[in-house]
Ligand code: MD3
Ligand code: FE
């Protein structure tokens, strides 16, 4: 019984702490192979959120724009998506299709993500699934137009969100982090995983 906010299905505390820790350990193994980096915006400024990916594709951005890439900027293929993360996808996504990308976003104290739409994927009929780990993040949800009204909700460690239907193309972003609000990450901060079908 998820909470529904503008078509976003939010499963508060879906993952108990042992599952959160197991996923975090698996993500640490991914980022040991595919180190986090700060993508450049199209304007050449580094994003405040650090990123890496697992799966067939990773999300990437530089002065040429946003896109999915089959390898880390260091030239090595992205590691496989951990089974612990795939288990969450299969529990909530409503599809038997495997996700192509697990984007890993790491927020430190001042990091934020501006209001945007996720439109780099081929088929918007597949949902995006998000897993929040560590410190709380203030998630802003709008509609299909940038200028529309928005609502906000704090996402906490263990929360899982499913963005499908009309919500799949809604504007969204992260306004701020309650740094130090969770004990999960050794150096505080927030990690968000997003699972996507890309092509
Ligand atoms: C709504 N990440 O990676 S997760 C992103 O917390 C992104 O790191 C935020 O927006 C984060 O693109 C928000 C919730 C989320 C993720 C993907 C979506 C909401 C979405 C895709 C479509 C619509
Ligand atoms: Fe997004």
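Of the conditions (1) in contact with a helix residue (DSSP H, G or I) (Cβ under 6 Å, 6 or more places away or on another chain); (2) at pLDDT below 95, residue 42 clears all except one; give me its number.
Residue 42 satisfies every listed condition except (1).
For segment 118-130, state whether one or more residues are more than 20 Å from residue 169 (Cα to Cα) and loosely packed, with under 14 Cβ neighbours inside 10 Å.
Narrowing segment 118-130 to residues more than 20 Å from residue 169 (Cα to Cα): none.
No, every residue in segment 118-130 fails to be more than 20 Å from residue 169 (Cα to Cα) and loosely packed, with under 14 Cβ neighbours inside 10 Å.
Given the residues 180, 189, which is the only one that is more than 13 Å from ligand 2 (Cβ to nearest atom), at positive phi, under 15 Å from the mean Cα position of the chain (by Cα) and modelled with pLDDT of 95 or more?
189
Looking at (1) modelled with pLDDT of 95 or more; (2) more than 25 Å from residue 45 (Cβ to Cβ); (3) outside any loop (DSSP other than H, G, I, E, B), which is the only condition residue 124 fails?
Single failed check for residue 124: (3).
Yes/no matrix, rows are residues, columns are (1) within 21 Å of residue 117 (Cβ to Cβ); (2) part of a loop (DSSP other than H, G, I, E, B):
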| site | (1), (2) |
| --- | --- |
| 48 | yes, yes |
| 59 | yes, no |
| 68 | yes, no |
| 73 | no, yes |
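Kindly establish whether residue 54 is surrounded by 15 or more Cβ atoms within 10 Å (Cβ to Cβ), touching a strand residue (DSSP E or B) at 6+ places or on another chain (Cβ under 7 Å) and at pLDDT 95 or above.
The answer is yes for residue 54.
Exactly one of these conditions fails for residue 159: (1) within 9 Å of ligand 1 (Cβ to nearest atom); (2) buried (at least 19 other Cβ atoms within 10 Å of the Cβ). Give me its number.
(1)
Name, by its number, the condition in (1) farther than 14 Å from residue 130 by Cα; (2) buried (at least 18 other Cβ atoms within 10 Å of the Cβ); (3) under 15 Å from the mean Cα position of the chain (by Cα) that does not hold for residue 88.
For residue 88, the exception is condition (1).
For segment 135-155, indicate whether the set of residues that are touching a helix residue (DSSP H, G or I) at 6+ places or on another chain (Cβ under 6 Å), within 18 Å of residue 18 (Cα to Cα) and surrounded by 20 or more Cβ atoms within 10 Å (Cβ to Cβ) is non-empty.
No - not one qualifying residue is present in segment 135-155.
Take segment 143-176 and flag every residue that is assigned to a loop (DSSP other than H, G, I, E, B) and touching a residue at least 60 places away in the same chain (Cβ under 8 Å). Walk me through it before giving the result.
Going residue by residue through segment 143-176, those that are assigned to a loop (DSSP other than H, G, I, E, B) are 143-150, 156-159, 164, 170-171.
Correct list: 143, 156, 157, 158, 159, 164, 170.
Just the residues that are more than 16 Å from ligand 2 (Cβ to nearest atom) and in contact with a strand residue (DSSP E or B) (Cβ under 7 Å, 6 or more places away or on another chain), please, taken from segment 24-41.
24, 27, 30, 31, 34, 35, 36, 37, 38, 40
Would you point out which residue out of 10, 81, 23 is under 15 Å from the mean Cα position of the chain (by Cα), in contact (Cβ under 8 Å) with a residue 24 or more places away in the chain and part of a helix (DSSP H, G or I)?
Result of the check over 10, 81, 23: 23.
Do we find a residue being buried (at least 20 other Cβ atoms within 10 Å of the Cβ), under 16 Å from the mean Cα position of the chain (by Cα) and at positive phi anywhere in segment 96-104?
no
The values are calculated or read from the model by the stated rules, or taken from the named source; none is laboratory data. These figures come from a predicted structure and were not determined experimentally. Note: ideal-geometry Cβ built from the backbone for every residue, glycine included; neighbour counts use all protein chains shown.
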